[in-house]
Each structure stands twice: as structure tokens, then as C-alpha cells.
Amino acid sequence: MASEKVETVVANYVEMEREEEGDSKSSSAKSKLSKLFWHGGSVYDAWFSCASNQVAQVLLTLPYSFSQLGMLSGILFQLFYGLMGSWTAYLISVLYVEYRTRKEREKVDFRNHVIQWFEVLDGLLGKHWRNIGLFFNCTFLLFGSVIQLIACASNIYYINDNLDKRTWTYIFGACCATTVFIPSFHNYRIWSFLGLIMTTYTAWYLTIASLLHGQVEGVKHSGPATMVLYFTGATNILYTFGGHAVTVEIMHAMWKPQKFKLIYLMATIYVLTLTLPSASAVYWAFGDMLLNRSNALALLPRTRFRDAAVILMLIHQFITFGFACTPLYFVWEKFIGVHKTKSLLKRALTRLPVVIPIWFLAILFPFFGPINSTVGSLLVSFTVYIIPALAHMITFASASSRENAVERPPKLVGGWAGLYSMNIFVVAWVFIVGFGFGGWASMVNFVHQINTFGIFTKCYQCPKHKV
């Protein structure tokens, strides 16, 4: 019975794929370039989207986390949270396929509707779960967009300090607002590809430049020095591998969403080849100096290679801003009733109000680095770790739901018993270590930044003569 069910579902997805391919053929006759650069939905598009979105500005703050954690803990936490993030991304993909399958049996047509995480929770578990998911997901993506905007100002300052970081935030806020014209994740094909090239260059620039620079005179590696710094660093890494808040939207943009299961894991493995060498090399070279420089670029001498890294990261942060903000655009469109309109201009204009609070918060709390840990502990911990694990356990709590599940647990994890054991571990660990200790440490550090620099600070961590 279960196998027949899976076959039916696969048939539905194949039929969907043919419809999309048919649309693509008709459109490719009009514009082959548009199809090549603008309209994506393959497994490769999803992989590029996941890998590009997962490591953005956080690449520049991981050496800062290593200075808080120490080398060994920094490496171990990256591996640990990389695997944990891949696991919960898998859970989200399973719940998406389960929800979509049930709705398609009810003859629901999603061709003009983008499914989102809160709708998956609503369909499987009811309105209370929908409200919880909507709150955490939207708040996380809101601050995720804020972080990208802060990062833009922080990076551009290192090649042009004629303007302070707050002024640069005004400028890049206006630039990032242009993402309202990108309709959906289908249209990030070329951007995802280019974004990953940009982060790859930056990661290897950090690695090679640090090794060539060598260790600074009298370098110290005293981390971990305090509990506050230790758990602050750990939650920044939790945040790093918690970029799958847009998993459902990326899956929905695929022609065959059921193929997503291992994509995030493959993306994480690639990302680790960027983050581990770069963070280790920068920390080896500069040690405790990073405790007062959350952006790794600030410690490397200015060269044309560093300027190239800054420019590429600026472009990538624009892309990642779009990734984080697009789901918020969808929620807003649905709220005011324009989500299904075919007018791109009308949708773009109605999206603009979403950018305003992001702009304001980036100016209010421009704490590049510490804000990552705060968002990681208070929002990421629930959004992409605790809620998906709990939702999966409750969805398949009954024997009948497990028997009729579209996606069964892989034998590698020990069937349903192994899956539940892993989910319980994820919930307990993230709640105690990520939200509990991490929340305490990151808030202490965040309040320290406010007391030291103040809100609306003009130029965070700038040399005194420039402030």
C-alpha cells in the first residue's frame, strides 16, 4: 500500500515536471537567454541556491567565532552543526512532500501559489503551529535580511572609508530594495551560481592571504577565555548552518521537489570546504586580535585581491538579501491579496514596505558579528532546528500516519525508532545549548555592544579617528 502511494506521488511530480518543461519549451522559443539565466528549477539550481545562501557574510565572522571558541571547538562545532542542519533540512523536505501530496489528492493546484513553511505546518498540524512557524520564520528572515544589510556597510568601508558605515547602510538599503523585482526562487538561477563563485573566491582569499601574511608578532590563541565568549561563538556557528529557513520555497521552485532530500547535505559538505580552511587560517594568523574585529577583512592588508573579495561579497550579500527577503515578500503578498497577480510591477510596488523595517533595524543595531549569535540563539534555534524536529515527530506520531507516510525514514538511521531518537536529541541539545546557554551568552554580548557603542552608532568598530 505504501509503495503504491509513493508511486502515485512520483507520478504527480513527473506530470508537474512535464507541464513545467512544456512551459519552458514555449518560452524558450521566445527567449533562450531568459530560460538559461532566469528560469531554474533543476536539482543543480537547488544545490546552488542552498550552498550560495548558506554561507554569505557569516564567512567573514567565523574567524571571530574561532577566537571565542578556540581552534578545536571551532572545527568540531562546524562539523556538528553542519550535520545537524542537514538533518533538519531533510525533515523539512519530508514534511513539505507530505503536505503537498495530501493537498494534491484534494485537487489543490499550486501552479500560481508558492508553498511556504507556515502553510506546511498549518496543513499538517493546525493553525497554532502555523502561527508559531509564521512568527519564528518571518522574524528570523527579517533579521537575516538586516544582517546582510549590516554586512554590506561593514565590507564597503574597508575599500572606501570616506563615508561612515551608517551612511553606507542608507545607500545599500536602497540598492537591496531592488530585489522586489525578482519574482521567485525560480529566477535566482544565475545569481545562485555567481554567488557561490564569489564566496568560494573570498574563502580561499582569506585562507591564502592569512597563510602568506603569517602570524602577527606576539600572537595569542587564548580561546575559550570565558563562558560568554564560548557560547556566543557556538551560536554563531549554529546560525551559519541554520540557513535552511527558505528550504520550502527552494523546494517549491524545483521541478522534482522529492529529489531535494540530500541536496542540503551536499551543499553543506561543499560549504565546509570553504569555512574550515578560511576560519582556521585567519585565526592562526591573528589569534585574539579577532575578538575586537568581527569582520576578518579588517585585519588583512589592503590589496587588489582584498578589494576584489570585498566587491564580490557585496554582490553576494545583495543576492542573499533577496534570498532572505523573498519569503517575506510572499507572506506580505498573501496578506494583502496580491500573491496571484500576474503583474510584476504591481507585486514589486506592494513589496516595498517590507524593506523599511529591515533598513531601520540595520541602522539601529549595526553590530556586525554579535547580532549573528543573538539571532542564532533566539530565532534560528527554534525556526530551523526545534520546530521542524517537533513537527515531524507529531505529524507521524500515530501508527497509521507512519504506515501511510510518503517518505519513510532511511534505514541508515534505524527506521522510525532511530529517527525519533535523533529528533529528540536535536530538540534537547538545541534548546539547552543553543537557546539556553547560547541565548544567555549572546544577549550578554549584545548588551555589551549597546553599552559600548550605543544604538544607532555611526561607525561600528571603526578606528577612533574615523568616527
Checklist entry - Looking at residue 407, is it under 25 Å from residue 120 (Cβ atoms), open to solvent by less than 50 Å² (accessible area, probe 1.4 Å), of a type in the set (D, E, K, R) and in contact with an Asp or Glu (Cβ under 9 Å, 6 or more places away or on another chain)? => result yes
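To keep it simple, each residue is scored yes or no on (1) in contact with a Cys (Cβ under 7 Å, 6 or more places away or on another chain); (2) aromatic (Phe, Trp, Tyr).
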| site | (1), (2) |
| --- | --- |
| 129 | no, yes |
| 140 | no, yes |
| 150 | no, no |
| 156 | no, no |
| 164 | yes, no |
| 173 | no, no |
Checklist entry - Only one residue in 263, 315, 311 is touching a residue at least 60 places away in the same chain (Cβ under 8 Å), among the hydrophobic types (A, V, I, L, M, F, W, C), in contact with a Leu (Cβ under 8 Å, 6 or more places away or on another chain) and at negative phi. Which one? => result 315
Item to check | Checking residue 185 against (1) over 26 Å from residue 281 (Cα atoms); (2) open to solvent by 30 Å² or more (accessible area, probe 1.4 Å); (3) of a type outside the set (Ser, Thr, Tyr), the condition it does not meet | outcome: (2)
Next on the checklist: Any residue in segment 151-176 that is open to solvent by 10 Å² or more (accessible area, probe 1.4 Å) sitting within a Cβ distance under 7 Å of a residue that is of a type in the set (Lys, Arg)? List the pairs, counting only those 6 or more apart or interchain.
Outcome noted: 157/165; 161/466; 164/458; 166/458
Checklist entry - Which fully enclosed helices (runs of 4 or more DSSP H) of segment 390-467 have 1 or more residues being aromatic (Phe, Trp, Tyr)? => result 415-429, 438-453
Next on the checklist: Please pick out the residue among 367, 330 that is assigned to a loop (DSSP other than H, G, I, E, B) and open to solvent by less than 30 Å² (accessible area, probe 1.4 Å).
Outcome noted: 367
Checklist entry - So how many residues does segment 212-240 have that are surrounded by 15 or more Cβ atoms within 10 Å (Cβ to Cβ) and assigned to a helix (DSSP H, G or I)? => result 14
Checklist entry - Can you find even one residue in segment 92-111 that is hydrophobic (A, V, I, L, M, F, W, C), in a helix (DSSP H, G or I), surrounded by fewer than 18 Cβ atoms within 10 Å (Cβ to Cβ) and out of contact with any Cys (no Cβ under 7 Å at 6 or more places or on another chain)? => result no
Checklist outcome for this item: Among 328, 299, the single one that is among the hydrophobic types (A, V, I, L, M, F, W, C) and either in contact (Cβ under 8 Å) with a residue 60 or more places away in the chain or over 22 Å from residue 462 (Cα atoms) (or both) is 328
Next on the checklist: Quick test for you: out of 201, 205, 157, pick the one residue that is more than 25 Å from residue 44 (Cα to Cα), at pLDDT 90 or above and in contact with a helix residue (DSSP H, G or I) (Cβ under 8 Å, 6 or more places away or on another chain).
Outcome noted: 205
Item to check | Residue among 133, 173, 123 that alone is more than 29 Å from residue 418 (Cα to Cα) and outside any loop (DSSP other than H, G, I, E, B) | outcome: 173
Checklist entry - Is there a residue in segment 309-316 that is small (Gly, Ala, Ser), buried (at least 21 other Cβ atoms within 10 Å of the Cβ) and assigned to a helix (DSSP H, G or I)? => result yes
Next on the checklist: Please pick out the residue among 135, 140 that is open to solvent by 30 Å² or more (accessible area, probe 1.4 Å) and not basic (Lys, Arg).
Outcome noted: 135
Item to check | segment 39-48, subset open to solvent by 10 Å² or more (accessible area, probe 1.4 Å) and not acidic (Asp, Glu), residue nearest to residue 317 (Cα to Cα) | outcome: 48
Checklist entry - Taking segment 241-265 on its own, how many of its residues are part of a helix (DSSP H, G or I) and more than 15 Å from residue 323 (Cα to Cα)? => result 7
Item to check | Boolean, residue 394 is farther than 26 Å from residue 295 by Cβ and open to solvent by 10 Å² or more (accessible area, probe 1.4 Å) | outcome: yes
Checklist entry - Considering only residues of segment 246-276 that are surrounded by fewer than 24 Cβ atoms within 10 Å (Cβ to Cβ) and of a type in the set (S, T, N, Q), which is farthest from the chain's Cα centre (by Cα)? => result 258
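The values are calculated or read from the model by the stated rules, or taken from the named source; none is laboratory data. Quantities reported herein were computed from a predicted structural model and do not represent experimental measurements. Neighbour counts are summed over all protein chains in view; Cβ atoms, including those assigned to glycine, are modelled from backbone coordinates with ideal geometry. Each accessible area value is taken on the protein alone, full model and side chains, heavy atoms only, with ligands, DNA and RNA left out. Shrake-Rupley method; radii C 1.70, N 1.55, O 1.52, S 1.80 Å.
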